[in-house]
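Peer 1: The structure follows.
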Amino acid sequence: PWRTLEQYGHLLRAGLDERPFERRTVVASTWGDIFDVVLDNADPALLDAYQAVIVLGDITLSEHWLSNLERYARSGGKLLLNAAHIPTALWPNWLGCFPTGVQRSSSHFCWAEEPPQRDCPFTLVEVKPYTAAVPAAAPSGSPLVLTNRIGNGEVWLTTAPYLIAQGELLALGRKLFEEFLRPFDPVRIDGRPLAHIVNRRFNGDLLITLGNQSADQW
């Protein structure tokens with residue numbers, strides 16, 4: 001019911017009930033809205049403030065940014081990239097793999113020694129590892145997640161473009177975020193996954209917010 005921020009402010013002060021206009025305010029993920037967003041026009045030195053960086057979005061990384069991300073990882077950072085972010089002509093050797101130029105498809109993924117898990121049908125960029133490890137692959141053996149140690153840090157690469165299929169985050173993507181972020185998570189939740197946000201107060205106390213991110217009550 002508002003056209004400008006000024007109108008929105010007036011309505012808020014008048015007691016506007018915003019609830020009818022909120023849609024899916026809890027993200028459909030174990031991980032809530034816990035991330036800072038750094039844009040590609042930011043000072044690359046800003047990355048050094050973070051223990052982990054996840055590159056997301058329909059973007060193509062420039063040679064400049066690939067160099068910045070390599071420096072970040074070599075200095076001890078943990079970096080997550082997607083094959084769709086990297087132009088084939090600029091494919092860096094610090095990923096520990098190389099693209100074959102072939103795209104394949106799958107509807108399952110295998111994580112480590114776990115049984116295959118069904119997912120939305122998705123495509124993948126085929127790569128061949130030489131120093132990278134492969135914690136997740138398609139049943140055909142095509143790598144879906146690769147990890148490579150560089151310098152004091154590590155880089156993770158995923159090969160399903162943007163981890164999205166049919167407009168939804170792949171189950172592979174949810175599993176990947178859990179594995180990638182677990183070392184930084186100060187709490188452990190047993191049982192079914194709940195969205196959680198953890199804040200640390202000035203005195204060291206943790207404030208923990210839990211939310212059921214699914215459409216059903218349980």
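The values are calculated or read from the model by the stated rules, or taken from the named source; none is laboratory data. Fair warning: this is a prediction, and the values are worked out from it, not measured in the lab. All Cβ positions, glycine included, derive from the backbone under ideal geometry; neighbour counts span all protein chains shown. Please note that ligands, DNA and RNA were not included when accessible areas were found on the heavy atoms of the full protein model with its side chains. Shrake-Rupley method; radii C 1.70, N 1.55, O 1.52, S 1.80 Å.
Peer 1: Roughly how many Å² of K128 are accessible to a 1.4 Å probe, to the nearest 10?
Peer 2: K128 has an accessible surface of roughly 100 Å² with all protein chains in place.
Peer 1: When only C-alpha pairs under 8 Å and at least 6 residues apart count, what is the relative contact order of segment 29-80, in percent?
Peer 2: Worked out over segment 29-80, it gives 44 percent.
Peer 1: How charged is the neighbourhood of C110? Take every other residue with its Cβ under 13 Å from the Cβ of C110, and add Lys/Arg as +1 and Asp/Glu as -1.
Peer 2: -1
Peer 1: Cβ under 15 Å from H85's Cβ, H85 left aside: what net charge do those residues give with Lys, Arg +1 and Asp, Glu -1?
Peer 2: Net charge around H85: -4.
Peer 1: Return the tail of the calculated pair distribution for segment 75-154, meaning the percent of Cα-Cα pairs more than 17 Å apart.
Peer 2: 48 percent
Peer 1: Could I ask something else about it? Just read off the accessible area of D17 with the full protein assembly in place, 1.4 Å probe, to the nearest 10 Å².
Peer 2: 70 Å²
Peer 1: Moving to a separate point now. Using all alpha carbons of segment 98-218, what is the percent of pairwise distances in each 10 Å bin, ordered from the shortest bin to the longest?
Peer 2: 11, 36, 31, 17, 5, 0
Peer 1: Sticking with this one: Calculate the dipole size of the chain relative to its Cα centre from +1 charges on Lys and Arg beta carbons and -1 charges on Asp and Glu beta carbons; express the result in debye to the nearest 20.
Peer 2: My answer is approximately 180 debye.
Peer 1: Given contacts defined as C-alpha pairs under 8 Å and at least six residues apart, what's the relative contact order of the chain, whole-number percent?
Peer 2: Normalised by residue count, the contact order of the chain is 20 percent.
Peer 1: Add +1 for every Lys or Arg and -1 for every Asp or Glu among the other residues with Cβ under 14 Å from the Cβ of L163, and state the total.
Peer 2: -3
Peer 1: Let me ask something else. What Rg and what Dmax come out for segment 51-112 when only alpha-carbon atoms are used, in angstroms?
Peer 2: Looking at segment 51-112, its Cα Rg and Dmax stand at 13.1, 36 Å.
Peer 1: Would you list Y162, Y130, Y8, Y72 from the most to the least accessible area, probe 1.4 Å?
Peer 2: The ranking, largest first, comes out as Y130, Y162, Y8, Y72.
Peer 1: Take the Cα pairs of the chain, get the Kirkwood Rh, then feed it into Stokes-Einstein at 20 °C and 1.002 mPa s and tell me D in µm²/s.
Peer 2: 109 µm²/s
Peer 1: Taking the Cα centre of each part, how many Å lie between segment 69-84 and segment 141-198?
Peer 2: About 14 Å separates the Cα centre of segment 69-84 from the one of segment 141-198.
Peer 1: Another question about this same structure. Scan the chain and report its longest stretch carrying no GluC sites (Glu not before Pro) that are both in a DSSP loop and have at most 15 other Cβ atoms within 10 Å.
Peer 2: Result, exposed sites excluded: 114-218.
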